[in-house]
1. With each label point set 7 Å from Cα along the Cα-Cβ vector, what nm distance links Met51 and Ala175?
2. With a cap of 16 neighbouring Cβ atoms within 10 Å, and only residues DSSP puts in a loop, list the GluC sites (Glu not before Pro) found in region 147-239.
3. For Arg54, Arg127, Arg209, what's the fewest-to-most ordering of other Cβ within 10 Å of each Cβ?
4. Could you give the length gained on full extension between Glu199 and Glu34, defined as 0.36 nm per residue of separation minus the Cα-Cα distance, in nm?
5. Can you compute the FRET efficiency between Arg209 and Asp79 using 1/(1 + (r/R0)^6), with r the Cβ-Cβ distance and R0 = 22 Å? Round to the nearest 0.05.
6. For labels at Asp42 and Glu150 in the simple 7 Å Cα→Cβ model, what's the distance in nm?
Amino acid sequence: MSDSVEKPANSALVLFSGGQDSATCLAWALARFERVETVGFDYGQRHAVEMQARLDVRDGLAEVLPGLADRLGPDHVVDLTGYGRIADSALTADRAIEMDARGLPTTFVPGRNLVFLTCAAALADRRGLGVLVGGMCETDSSGYPDCRRETIDAMERALGLGLDQPVVIETPLMALTKAETWALAHDLGGEALVGLIVEASHTCYRGDREHRHAWGYGCGDCPACELRAAGYGEWAGRP
């Protein structure tokens, strides 16, 4: 007999890094599911600011989305530092951010979303949460292969086979540009949610929380900052 808990369709587990995309996904999930929990992953990121951003965004959402605050349940953190050591990248070690021989940025952490989804599916199984929600996007990203729709579809099938029950992975940003992601955040929570994402979320690969831009904090020239800045500029109608 399976030890898994019955998973209601009106519950979700959000893969939550504290960045712009996962913050938007968390707001999206709160608008759609009656019970929402979050999970973060400590995989040896160079910058602890990411883990703090998770807490700041979660706390802020209760203020900017007060009508949905009672839907937000516990947060979970999974220790994956061992994995981070073997999946060496510019996000886990002091390496230059550049393109590698495969044409992928050195910020690519091999198999990161595959590991995250496997852990999240196991947690959701035990917590009785019906849907996984992730901020993967293949439209406006750094070209990571584990963010592609094809990869997520394959993981959904593999996890379903491995757990012997359907696994649903929702990726609301998959086909959106960064400008459309800003627009979605505005649709979900207006200026208050956009302001929270600007101030509290963290995307910069260099962990820069000193330089404040219209779109938030960051170095301004790493790939993550460039995508976020360009998307914000397009959405806000600014150069």
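Rule-based calculations on the coordinates, nothing more; no lab input. Quantities reported herein were computed from a predicted structural model and do not represent experimental measurements. Neighbour counts are summed over all protein chains in view; Cβ atoms, including those assigned to glycine, are modelled from backbone coordinates with ideal geometry.
1. Distance between the two pseudo-spin positions: 3.8 nm.
2. Details: sites: Glu150, Glu156, Glu170, Glu180, Glu191, Glu199, Glu210, Glu226, Glu234; in loops: Glu210.
In loop regions of region 147-239 (DSSP not H, G, I, E or B), the sparsely surrounded GluC sites (Glu not before Pro) are Glu210.
3. Values: Arg54 24, Arg127 18, Arg209 15.
Fewest to most other Cβ atoms nearby, the residues stand as Arg209, Arg127, Arg54.
4. On the way: separation 165, 0.36 × 165 = 59.40 nm, distance 2.68 nm.
Once the chain is fully extended between Glu199 and Glu34, it gains 56.7 nm.
5. On the way: r = 24 Å, r/R0 = 1.07.
Plugging the Cβ-Cβ distance into 1/(1 + (r/R0)^6) gives 0.40.
6. For the pair Asp42/Glu150, the computed spacing is 3.7 nm.
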